[in-house]
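As structure tokens, the structure follows; a few thoughts come after it.
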Amino acid sequence: MADSDTSPCPNCKRLQKRIYALEHQIADLQQQIAELKKYVFGRHQQKEGPARKPGPLFGHRGWFRRKPKTVDQTEEVSLKACPDCGSRDLSKCAEIQEHLQEDIVLPVPQTTLYRKQVYWCKRCRKKVTGRGKDEMPGSYIGPQAKSIADFLRYRVKVTQRDITRILKGLFGLSVTMGAVQGFHTQTRVRAEPLHAQLQKKIKQEPVIHADETSAPINGTLGWTWLFASPRIALYHIHPSRGGKVVQAVLGTTYNGTLVSDFLSVYNNSITAKAKQKCLVHLQRELDKMRTRFPAPHPVDTYARRLGDFFQEARAFYNAYHQGKITRPQLRTQAGRFKKELPSFVLLKDPQPHIRRLSKRLAKHPHELFTFLEDPDRVRPDNNFAERLIRPCVIFRKLTGGFRTSTGTDNLNVLMSLQQTAHLNGKDPLRLFHNILTQPKLKLDWCLSP
């Protein structure tokens, strides 16, 4: 009997080729997954092996609390019986042990009755009275409670509901959430002249850092803008993320250095004496490119070379601040980096990611190395602005945004004033108290001369 035909059918051959192609595709995907596992949300995972021992590095000097300069009260401690055995057979020694302890004395609500003598002014032809210490005419809550509410809201970033709980639980003062909102509005209305002065002064600062973050306004997307110098912080909430906001705050021309990220609104909306783009933002994008296209991909090679190029520039910046090189030497290196930058502009490269990044370098050739030309005032990053805008991010997560323009106005004024006070070593709580009680406002409450 003849053997049956055992040759595979055409369909089997097609399936075998398909299986072979899928096996190779799976192998490639597994390799990419292995590379991506090194990162978690764009950051390196901790290295394998035993974790570092908790605590400071070897040789690091510990922090010890400073001894108080003044003693408010002294308590003499004596014994009638031994605390260990109960014996009353005790005799005094010449030794005296001293123990300093700092604590908080919680105040209680205090009601003040202002008995004001009424006078008749013959010139004004009307009755007049004086104003008592810390008196706020027409207000049932005093300035100390209101300034504490402002401090908790805009310095500590506490919700209005929690402010009512703090005032009740710690100080025994019952207020409603609506009253707390009224406290903020009252302080803001009185502080608006100070805020207007800050808006004028920030334009005169030699260096300004700018950044923005989202801020929902009554259910629609809005933005919190920050414009800050080393001694002034100005917050501005606006529905737009366009260049008109930059022009409204700084104008169309700024005679200083503007430090920002690569957002396009900082390009054509304002003309500055100099600009510096944040190199940390650029490095983050290079890291993402290398994650997506691991070696030996051409994009990885390009991103690594460009990253090393800017890392070398920052190394010279650090060497200058460490006293290893002089200012003229740093200026010479700045010229070298500017000359070498065009070698990274590959506008005709076949890789679209390389072309996209090349366009950015070609667009900002004079805004990448300003920190080498003015190293005493300009940094290669925008971390200063990111740290100052971080409280607004936390504020947004706690509150969910703003419901009315009153809330945005309050944050614009009070957040700007308290953050400016903090930058200048001033007490924000004392600032709010002075705003509510002093008849004449002074900018030096929050800004040093």
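Of ILE325, ILE202, how do they rank once you tally other Cβ atoms within 10 Å and put the fewest first?
ILE325, ILE202
Which pairs break 32 Å Cα to Cα here: LYS146/LYS275; LYS157/LYS201; LYS168/LYS200; LYS244/LYS442; LYS126/LYS168?
Over 32 Å apart, Cα to Cα: LYS146/LYS275; LYS168/LYS200; LYS126/LYS168.
For the residues TRP225, TRP120, what sequence is obtained by ranking on other C-beta atoms within 10 Å, fewest first?
TRP120, TRP225
Starting at the first residue of region 137-150, write each ³J(HN,Hα) from the Karplus equation 6.51 cos²θ - 1.76 cosθ + 1.60 with θ = phi - 60°, in whole Hz, x for Gly and Pro.
Along region 137-150, the couplings run x, x, 10, 8, 10, x, x, 5, 5, 5, 5, 5, 4, 5 Hz.
With runs of 4+ DSSP H residues as the only contributors, calculate the mean residue ellipticity of the chain at 222 nm using -39,500 (n - 2.57) per run, divided by the residue total and rounded to the nearest 500.
Dividing the helical sum by the residues of the chain leaves -14500 deg cm²/dmol.
For the chain, find the longest principal axis of its Cα atoms and tell me its angle to the long axis of helix 327-340, 0 to 90°, nearest 10.
That helix lies at roughly 40 degrees to the long axis.
Take the Cβ-Cβ distance between ALA81 and ARG387 as r, set R0 to 51 Å, and report the resulting FRET efficiency rounded to the nearest 0.05.
0.35
Please give every one of the lysines within straight-line cross-link reach of LYS92, meaning a C-alpha to C-alpha distance under 16 Å, and leave out same-chain neighbours fewer than 8 residues apart.
Qualifying lysines at Cα under 16 Å: LYS80.
Can you give the extra length, in nm with one decimal, that the chain gains between PHE337 and PHE171 once fully stretched, where that is 0.36 nm per residue apart less the Cα-Cα distance?
Result: 53.7 nm gained on full extension.
Does region 135-195 come out rounded, prolate or oblate by the C-alpha gyration tensor, with a ≥ b ≥ c the root eigenvalues, rounded set by a/c under 1.5 and, if not, prolate when a/b is larger than b/c and oblate if not?
It comes out oblate by the Cα gyration axes.
Between [x] 1.45; [y] 0.93; [z] 0.98, which matches Cα Rg over 2.2 N^0.38 Å calculated for the structure shown?
Here the calculated entry is [x].
Rounded, prolate or oblate: pick one for region 280-404, where a ≥ b ≥ c are the square roots of the eigenvalues of its C-alpha gyration tensor, a/c under 1.5 means rounded, and failing that, prolate if a/b is larger than b/c, else oblate.
oblate
Treating the angle as unsigned and between 0 and 90°, give the value, to the nearest 10°, between the Cα long axis of helix 428-437 and the longest Cα principal axis of the chain.
For helix 428-437, the angle is close to 50 degrees.
For ALA34 and GLN197 in the same chain, what is the full-extension length gain: residue separation times 0.36 nm, less their Cα-Cα distance, in nm?
The ALA34-GLN197 span can extend by a further 53.1 nm.
Once you charge only the Cβ atoms, +1 for Lys and Arg and -1 for Asp and Glu, what is the size of the charge dipole of region 123-278 about its Cα centre, to the nearest 20 debye?
740 debye
To the nearest 0.05, what FRET efficiency results for PHE262 and GLN322 with a Förster distance of 30 Å applied to their C-beta separation?
With R0 = 30 Å, the Cβ-Cβ based efficiency is 0.55.
Averaging over every viewing direction, what projected area does the convex hull of the Cα atoms of region 198-305 cover, in nm²?
With the hull built on Cα positions only, its mean projection is 8.5 nm².
Which of ALA334, GLY323, LEU361 sits closest to the plus end of the dipole of region 310-449, meaning its Cα is farthest towards the positive end, when Lys and Arg get +1 and Asp and Glu get -1 on the C-beta?
LEU361
Once fully extended, how much extra length lies between TYR119 and ASP444, figured as 0.36 nm per residue of separation less the alpha-carbon to alpha-carbon distance?
My answer for the length gained is 113.5 nm.
With 10 angstrom as the radius, rank ASP84, ASP427 by how many other C-beta atoms surround their C-beta, starting from the fewest.
Final ranking by Cβ density, sparse to dense: ASP84, ASP427.
Each reported figure results from applying straightforward, stated rules to the coordinates on display, with no laboratory input. Predicted model only: the values in this text are computed from it and were never measured. Don't worry about glycine lacking a Cβ; one is built from the backbone with ideal geometry, like all the others, and counts go over all protein chains shown.
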